[in-house]
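First up is the structure itself, then whatever we jot down about it.
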Amino acid sequence: MSCVLELKNLSFIYGKGTPFEKRAVDKVNLSIHQGEFIGVIGHTGSGKSTLMQMLNGLIRPAEGQVLLDGRDIWAEPKKIRDVRFKVGMVFQYPEYQLFEETVYKDIAFGAQNKGLQGAELDEAVKQAADFTGLKPELLQKSPFDLSGGEKRRAAIAGVIAMNPEVLVLDEPTAGLDPMGREVLLSQMVRYHKERKNTVLLVSHTMEDIARVADRIIVMNKGRLAMFENTKEVFRRPDELAGYGLKVPQITKIMQDLRQKGFDVPEGVLTVDEAFAALLPLLKKEGKLW
């Protein structure tokens, strides 16, 4: 599996040389493979958002390198804009960045700047809208006439239309109701499966991360605390607690059952997995009829 992103001794310092100097990211080293779905977690102030913004050149590292397909993204600073087409960034509350007359034009904006025109542009816009669950009839509406969830999906579609090699989603479900979160997350899973691009999802919701991530980056006080497969990370609840994090609620319930002597497996991360594990026990105990 090829390496799409490699971070070498990556650091960033806010207020460097001032009395308020703070090392927000400190000597991070890791490699991300093409096609992976990576979860990114950490307590507020852990450095995860700063780290994500260095991946596409929005922030220049104080030290170290970001290698995209083996090449330092800052090797030619004048071409850093090209990197942002390859590593697409969706910030928290991206709907605040909508500005065009129609949803279609808003989704098309980035792809046009990338150079897409005509039928190719039209196809990119329609595919991006489909991936984010936007109905075709909404494309000619003003983005300001959409619901909150629809605005969020339109903003994300604008990044997807550029077909980035890496898609970074920073808290994409923040502020959405449970149904809106479920719809958006399901659409991103579908996008990842069909496009096979690399996706990084930053979230405070452990249930979302557990459901979709192949591996998890855990940040703590600017340092890389863990970078393991998802089951391995959530097998270490005490260590996570030390970083101000929790395992998914269903994982905690299953761990409690194990401690009470019930024969349930370790590493259960989702409700579906828990149901499959508990069903034989319930049948054995005669709790189902």
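Coordinate-derived values only; no laboratory data. In this text, all values refer to a predicted model and were calculated from it rather than measured experimentally. Every residue, glycine as well, gets a Cβ built from its backbone with ideal geometry; the counts of neighbours run over all protein chains shown.
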Among [x] 18.5; [y] 16.9; [z] 14.4, the entry that matches mean projected area of the Cα convex hull in nm² as calculated here: [x]
Potential lengthening between residue 135 and residue 229 on full extension [0.36 nm per residue; Cα-Cα distance subtracted]: 30.3 nm
Net dipole in debye of segment 248-289 [+1 Lys, Arg Cβ; -1 Asp, Glu Cβ; about Cα centre; nearest 20]: 160 debye
Separation of the residue 99 and residue 204 label points, Cα + 7 Å toward Cβ, nm: 2.8 nm
Mean residue ellipticity (222 nm) of the chain, computed from DSSP H runs ≥ 4 via -39,500 (n - 2.57), nearest 500: -12000 deg cm²/dmol
Cα gyration tensor shape of segment 1-123, rounded if a/c is under 1.5, else prolate or oblate by comparing a/b with b/c: prolate
Full-extension gain in nm, residue 258 to residue 3, via 0.36 nm per residue minus C-alpha separation: 88.0 nm
Whole-Å distance, taken between Cα centres, linking segment 85-110 and segment 217-264: 35 Å
When each of 48/252; 16/79; 105/151; 86/196; 22/48; 8/48 is checked by Cα-Cα distance, pairs over 18 Å: 48/252; 16/79
Sites matching GluC sites (Glu not before Pro) across segment 1-57 that sit in DSSP coil, with at most 12 neighbouring C-beta atoms within 10 Å: 21
GNM flexibility winner over the chain from 18, 132, 44 (Cα, springs under 10 Å): 18
Kirkwood Rh in Å, taken over segment 248-289 so that all alpha-carbon pairs contribute: 10.5 Å
Whole-Å distance, taken between Cα centres, linking segment 2-40 and segment 111-160: 31 Å
Top of 127, 117, 187 by mean-square fluctuation, Gaussian network on the chain, Cα under 10 Å: 117
